[in-house]
1. Taking the stretch B:282-306 on its own, how many of its residues are touching a residue at least 24 places away in the same chain (Cβ under 8 Å), open to solvent by 70 Å² or more (accessible area, probe 1.4 Å) and in a helix (DSSP H, G or I)?
2. Can residue B:55 be described as in contact (Cβ under 8 Å) with a residue 40 or more places away in the chain and within 23 Å of residue B:154 (Cα to Cα)?
3. Let me spell it out: the conditions are (1) away from ligand 1 (no atom under 13 Å from the Cβ); (2) over 16 Å from the mean Cα position of the chain (by Cα); (3) at pLDDT below 95, and residue A:106 meets all of them except one. Which number is the exception?
4. State whether one or more residues within the stretch B:307-317 are of a type outside the set (Phe, Trp, Tyr), touching a Lys or Arg at 6+ places or on another chain (Cβ under 6 Å), away from chain A (no Cβ under 14 Å) and not in a helix (DSSP H, G or I).
5. Go through the stretch B:38-52 and give me each residue that's without any contact (Cβ under 8 Å) to a residue 60 or more places away in the chain and surrounded by fewer than 22 Cβ atoms within 10 Å (Cβ to Cβ).
6. Quick check on residue B:430: is it open to solvent by 30 Å² or more (accessible area, probe 1.4 Å), assigned by TED's automatic domain parsing to the domain that holds residue B:229 and part of a helix (DSSP H, G or I)?
7. Which condition breaks for residue A:175 when tested against (1) part of a helix (DSSP H, G or I); (2) under 17 Å from the mean Cα position of the chain (by Cα)?
8. Can you tell me which residue in the stretch A:176-204 is surrounded by the most Cβ atoms within 10 Å (Cβ to Cβ), limited to those that are more than 18 Å from residue A:109 (Cα to Cα) and within 16 Å of ligand 1 (Cβ to nearest atom)?
Amino acid sequence: MTAHTQTMAGIAVRPQAGTLTGTVPKMDARGVKVYYGAKQALKGIDLEIPERQVTALIGPSGCGKSTFLRCLNRMNDTIDIARIEGLITLDGQDIYDREIDPVQLRARVGMVFQKPNPFPKSIYDNISYGPRIHGLASRREEMDEIVTKSLQRAGLWNEVKDRLKEPGTGLSGGQQQRLCIARAIAVSPEVILMDEPCSALDPIATAHIEELIDELRENYTIVIVTHNMQQAARVSQRTAFFHLGEMVEVGDTEEIFTTPRDERTQGYITGRYG
Amino acid sequence: MPVTTFLLVLLLLSFAGFQLGRTTAVSSAGGRLSRLHSVPSYYGLYVAMWVGLPALILFALWTGLEGIVVNNMVRASLPASITSLSAQEINLIMVDIHNLAYGNITSRVPEPALTAAADYYNHLRGIGNGALAVVMLALACAGLFFAKGRIHPKLRARNQVEQVVNVILILCSLVAILTTVGIVLSLLFEAIRFFTKVPPAEFLLGLHWSPQTAIRADQVASDGAFGAVPLFTGTLLIAAIAMAVAVPLGLMSAIYMSEYAPSKVRGTVKPILEILAGIPTVVYGFFAALTMAPFVRDVGQSLGFGVSSESALAAGVVMGIMIIPFVSSLSDDIINAVPQSLRDGSYGLGATKSETIRNVVLPAALPGIVGAVLLAVSRAIGETMIVVMAAGLAANLTGNPLDAVSTVTVQIATLLVGDQEFDSAKTLSAFGLGLVLFTVTLTLNIIALRVVRKYREKYD
Ligand SMILES: Nc1ncnc2c1ncn2[C@@H]1O[C@H](COP(=O)(O)OP(=O)(O)O)[C@@H](O)[C@H]1O
Ligand SMILES: [Mg+2]
């Protein structure tokens, strides 16, 4: 499959879509098209995801942000009618290659969903679920350590350390979402995808998660979809603006928010539509 | 006038009332419909109800009371030679009079007194019918004029019509509820009569079931034994075999259908399973008796087991097959109710499909599945035809699935088939068994529905 760039009439080819200066991107999408049945949801996306940075995907509802995110760990494979074209690489390797097992890929590229979705199990079992199925711990103590570490990294340890046996569904919404982040961290992924992780949370819980994302950046590559402009501005280093199945513009977050190149980006971030 | 004519005339009158009410309402508003409180057809219905309902209520009352009134009058008219007889004989004579009046065959050559009474009976009924016709017609007309006179743009016709409809609906549901209560009460009364003859402790704890009581004192086996434990164990044994077949098969097919099957397969397999659910149990009974039981016997014999031709195994297996669609469609619904987000969460961690199903979907669905299984158990316990045909009547106290056993339902059926005297312990024992069965299945159903509802709430 060849990488190619699609343009709309009168719109310049995105200059940012080329290689990032100096570094090799952690993930790279080239000409990604997605169809749900006959309906095209993504019309050729080129996007590089730099390592150990937070990349924010913004854009109006239905423009394909979630669809793109789900391409990055092949979650779209679980949707019968979804069909994907184009090239996506992780560390230079095509993730849609026959050699690649989507199950193993998802251990490397974890995902946190819009609505907190803890399993109806204990807090401990929620975290240990991933490591257990991937055989990451052979002894009880190792598992305990993974659980503790993951909860600590997700900033939840102090709140739940005395009730690891209680069900994860009994936590508050914000705690549940941090539990889900801890659960994702527990399998030591390289990339964490977050699809509007704060949209179901109150402002305080949101602030918590944003702080957490900022800390996680040290160890993980993060891609976050958000509807909240301030959030994108606060947590991300790079921002990509999606519109009607296309990626209109990508660049340093500061640039996108201060001097957007494209009219549509400008319109969106100044709130003219969305 | 026969009944149907009454009702037809009443219907026509009501229809006329409807038309009249509608046009009257429209003209009372001067043609400006917006001045009317309700849509014109409600005024029509309002009038039609006043025409039809009072007459209909009268009709219902009369049909209920006519028999008593006429009978009493006929009885009073009988000559003293008859009225001096015992109450039972008078009843017999009244039956003869009825038969004579309706032109049926009577038990003896009619005496002139009886013929006269029969004629009187017919005469009275004729008068009654005539009077009924006149009064009904009068009521209908009165209703028509009354209602028409009340039509006025401000009349809240819709509210009144809806109130009446409301009452009718309540009455209908009352009928259903009262019938249920009636059934339970009759079961209870007969069961109590049984327990005065056979103490409950003997019934519930006795180990020997042989309900044959002697009709004549010199017969052998004159004392029946009413220890129901062999029946309970037989029922449980067959239900257990049925569940051992139905739960794994039903659950697996539910998992396949909700998690693995492409929509095309699902679209064809589900209806087929539902057809399986629609087969009358008596047909399963054939299958059990003619195919499964000989098969089980042959296989058993070739393996060196002694298998009776009617075995608990055959009945249980077929019953299990009958219950499969029940288990699978309930479990399918329950598995589908597990939110997709949980599956996504598991896939997102790199779990495979089967890991996701085993570790996330099934545990999440477990309470609901338990409820479904309990419902299935209560069906298995209540199932009759298959066991009648395949399990037999021998009430053996055994845990061996290759033996013949009998169940509570089979015994009830055989005890009550044919002519029975309703004061012998043998017949009444059916009600004792029925009460036990009813209590057990009711309890199971209540628990199961609770569990399922709890589960539904959790994911709404
Ligand atoms: N499972 C699906 N089946 C069919 N169409 C879908 C599915 N998921 C998303 N779409 C469609 O794809 C488009 C992009 O959706 P999505 O990626 O969810 O947008 P966003 O996350 O930016 O709001 C929408 O038009 C949506 O209707
Ligand atoms: Mg979305």
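1. Matching residues across the stretch B:282-306 total 2.
2. Criteria not met by residue B:55.
3. It fails just one condition, (2).
4. Yes, the stretch B:307-317 has at least one match.
5. B:40, B:41
6. Against the criterion (open to solvent by 30 Å² or more (accessible area, probe 1.4 Å), assigned by TED's automatic domain parsing to the domain that holds residue B:229 and part of a helix (DSSP H, G or I)), residue B:430 does not qualify.
7. (2)
8. Step by step, filter the stretch A:176-204, then rank; the result is A:198.
The values are calculated or read from the model by the stated rules, or taken from the named source; none is laboratory data. This is a predicted model, so every value here is computed, not measured. Glycine also receives a Cβ, built like all others from the backbone with ideal geometry; neighbour counts cover every protein chain displayed. Keep in mind that these areas ignore ligands, DNA and RNA; they rest on the heavy atoms of the full protein, side chains included. Shrake-Rupley method; radii C 1.70, N 1.55, O 1.52, S 1.80 Å.
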